[in-house]
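Below is one structure, written out as structure tokens; the observations come after it.
The values are calculated or read from the model by the stated rules, or taken from the named source; none is laboratory data. Remember, it's a predicted structure, so these values are computed and weren't measured experimentally. Glycine gets a Cβ as well: all are built from the backbone with ideal geometry, and neighbour counts include every protein chain shown.
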Amino acid sequence: MSSALTVPRSRAGAWLPRLAWAALAYNVLVILWGAVVRLTGAGAGCGDHWPLCNGVVVPQSPTLHTIIEFSHRLTSGASGLLALGLFAAAFVTFLRQAPVTQPKLLSRTWLWVGLGVLGALLLLIGMAGASAIFAAGGALLGLVALLGLLTVFVNARGLTWVKVFQGWPVVLGTVLTFLLILAEGLVGGVQVLLGLTADSTDPARGLVQGVHLANTFLLLGALLLTALWASGRPALRVRGQGRALGLIAFGLVLTLLLGMAGAVTALGDLLFAPAPGTPIDTVRRDFSATAGLIQNLRVIHPMLAILGSVYLVWMAGALRRMRPSAGVTRWGVLLTGVIGLQVLVGFVNVALKAPAWMQLTHLALACIMWLVTVRLSYETLTAPRRLASTTPAGVTA
């Protein structure tokens, strides 16, 4: 993508970036509330029903666990609505800037509108009759109709979606955000339907928990890029980045793996309280004959945290040398500071045997560390490359 592909602030207005930054902050809060659901054991508060709660739209005479779980579903649903609003705002910005060149194509809109109405009816029937199949089918049909309708508007301007994403990267950011929020809901739904909540020690729960965390990080990254592009910042320049791109890619993947391992460790701390005594005693118990897979994997996170922290600190310094800009320097220093704080909190968490409030603090810092890493990567991929000096040796400029 070219660095010239930006969203003009004068046309997009100040409300679009404000909405994008608000969506990012809101989703961080939703993620932390999701951790509260896990820590309180309220994940089974709606039974094994999804998207319904105990087989109904609104639970009757709910218990405390039901209230916690249902409130999390409501806040997660609001994230989806916020993502749709963000996409609508970005797409309207695109429509205002791109003139219609093929008006005859607009006659196809009625077909997709009709299909969307049918999807809405199926969704309402499913919700009223407590039928998850009808509700899911109606929602899927509605999404297909929406995609078809939007494609008509794009084609009427003589463009394809690829051209739209290149010329208006904020649209790409909102699309990725919405897709990742859908994936977030689906992963959560699978977890509920398979009974991988509350006190379940099924090894599959560790896998789902790790995937959930990885998707969460990707969602936050997409929201951050959306907010930057909505604020008029340039699109990413991937081509010609050389070694810097490799360092960034490895650092991002390593941070994702570190977060996934952390999710499994946090689950292990919840299901299997650390053993009395020192952390070594906990490790010995985790590898005893009666220990399960989740316990076996708990030791991976602290080991990966040390290796990952060393690499990320080194990466920040290397990127500052390769792209000596103010943005890269600022976010590289900030990443180093956040890593130091996160490592300290990790040690305290182990020493205190992972109390709930400390796990929440650890997760909040993990989200911040991921966002800072993504921001450093963005600043690097949009900064000018450092040019080698062409002055002959022994000659002063």
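Return the only residue of Leu236, Leu252, Leu256 being part of a loop (DSSP other than H, G, I, E, B) and at pLDDT 90 or above. Step through it out loud before you land on a result.
On the way: Leu252 fails: part of a loop (DSSP other than H, G, I, E, B); Leu256 fails: part of a loop (DSSP other than H, G, I, E, B).
None of the other options fit; the residue is Leu236.
How many residues does the range 109-136 contain that are small (Gly, Ala, Ser) and closer than 29 Å to Ala156 by Cα?
Residues of the range 109-136 that are small (Gly, Ala, Ser), as a first pass: 114, 116, 119-120, 126, 128-132, 135-136.
This time we only want the ones that are closer than 29 Å to Ala156 by Cα, so: 114, 116, 119-120.
Here the count works out to 4.
Identify the residue in the range 73-112 that is among the β-branched types (Val, Ile, Thr), surrounded by 14 or more Cβ atoms within 10 Å (Cβ to Cβ) and over 19 Å from the mean Cα position of the chain (by Cα) and, among all such residues, is nearest to Val162 (Cα to Cα). Outline the logic, then answer.
So in the range 73-112, the residues among the β-branched types (Val, Ile, Thr) come out as 75, 92-93, 100-101, 109.
After this cut, where a residue has to be surrounded by 14 or more Cβ atoms within 10 Å (Cβ to Cβ) as well, the list is 75, 93, 109.
Checking which are over 19 Å from the mean Cα position of the chain (by Cα) leaves us with 93, 109.
Values: Thr93: 17, Thr109: 21 Å.
Within the range 73-112, the match that is nearest to Val162 (Cα to Cα) is Thr93.
Does Ala354 meet the test of being among the hydrophobic types (A, V, I, L, M, F, W, C), outside any helix (DSSP H, G or I) and under 27 Å from Val36 (Cβ atoms)?
When the stated conditions are applied, Ala354 passes them.
Considering only residues that are small (Gly, Ala, Ser), at pLDDT below 95 and in a helix (DSSP H, G or I), which ones fall in the range 184-222?
Here is the first cut: in the range 184-222, the residues small (Gly, Ala, Ser) are 185, 188-189, 195, 198, 200, 204, 206, 210, 214, 221-222.
Subset that is at pLDDT below 95: 185, 188-189, 195, 198, 200, 204, 206, 210.
Of everything in the range 184-222, those that are small (Gly, Ala, Ser), at pLDDT below 95 and in a helix (DSSP H, G or I) turn out to be Gly185, Gly188, Gly189, Ala204, Gly206, Gly210.
Which of the following residues is modelled with pLDDT of 90 or more, within 30 Å of Gln191 (Cβ to Cβ) and not small (Gly, Ala, Ser): Leu105, Leu52, Leu82, Leu111? Break it down into steps so the answer makes sense when it comes.
Values: Leu105 fails: within 30 Å of Gln191 (Cβ to Cβ); Leu52 fails: modelled with pLDDT of 90 or more; Leu111 fails: within 30 Å of Gln191 (Cβ to Cβ).
Just one listed residue meets the conditions, Leu82.
Which condition from (1) touching a residue at least 24 places away in the same chain (Cβ under 8 Å); (2) crowded, with 17+ Cβ neighbours inside 10 Å; (3) among the basic types (Lys, Arg) is the one that Arg321 breaks?
(2)
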